[in-house]
Amino acid sequence: MTPDEIRAQVDEIMARVYANGTVTREEAEFVVRAVGRWCKGPKKPGVEAEYAKMREAVGVVGGQEKGYDLALMDSILREPCGADFNDVIVQFPFDGADHLEPCPKCDQMISFRSPIFPVSE
Ligand SMILES: [Zn+2]
């Protein structure tokens, strides 16, 4: 599928969600996987304090508005992993529940909130 085709398919599925319709489990997973979520990897040993300090300085958003580059920070302070974290997200019901799960590749704990979809089984 081309990016345009993926976007069109996501729009079609989401239009049904917004219209209070239902989607299949496969359609919900398709929407989840349309956004890449790669594990950033564990922080390198010894950088926790430095990372926490920088993370605090960046603030809650991406940091660009304050002149920080979060992606660059991560590339310096973390061991690269790159596992597809969507594989973990789709193992759970799409019910909005909070989770703290280990990355299947590097065991880094990742917190996320399950997306909510009205799935018709
Ligand atoms: Zn990982």
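The values are calculated or read from the model by the stated rules, or taken from the named source; none is laboratory data. Note that this is a predicted model, so its numbers are computed, not measured. With ideal geometry, Cβ positions are generated from the backbone for all residues, glycine too; neighbour counts draw on all protein chains shown.
The figures follow:
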quantity	calculated
Close pairs (8 angstrom Cβ cut-off, 6 or more residues apart or separate chains): under 23 Å from residue 104 (Cβ atoms) and within 16 Å of the ligand (Cβ to nearest atom) in the range 40-56, polar (S, T, N, Q) and modelled with pLDDT of 85 or more anywhere	40/108; 41/108; 42/108
Members of the range 61-88 found to be under 24 Å from residue 28 (Cβ atoms), in contact with a helix residue (DSSP H, G or I) (Cβ under 6 Å, 6 or more places away or on another chain) and either away from the ligand (no atom under 16 Å from the Cβ) or β-branched (Val, Ile, Thr) (or both), listed by number	none
Test for residue 95: is it more than 15 Å from the ligand (Cβ to nearest atom), within 30 Å of residue 20 (Cα to Cα) and without any contact (Cβ under 8 Å) to a residue 24 or more places away in the chain	yes
Which numbered condition residue 36 misses (of (1) part of a helix (DSSP H, G or I); (2) within 16 Å of the ligand (Cβ to nearest atom))	(1)
Unique match (being in contact with a Cys (Cβ under 6 Å, 6 or more places away or on another chain) and not aromatic (Phe, Trp, Tyr)) among 67, 36, 41	41
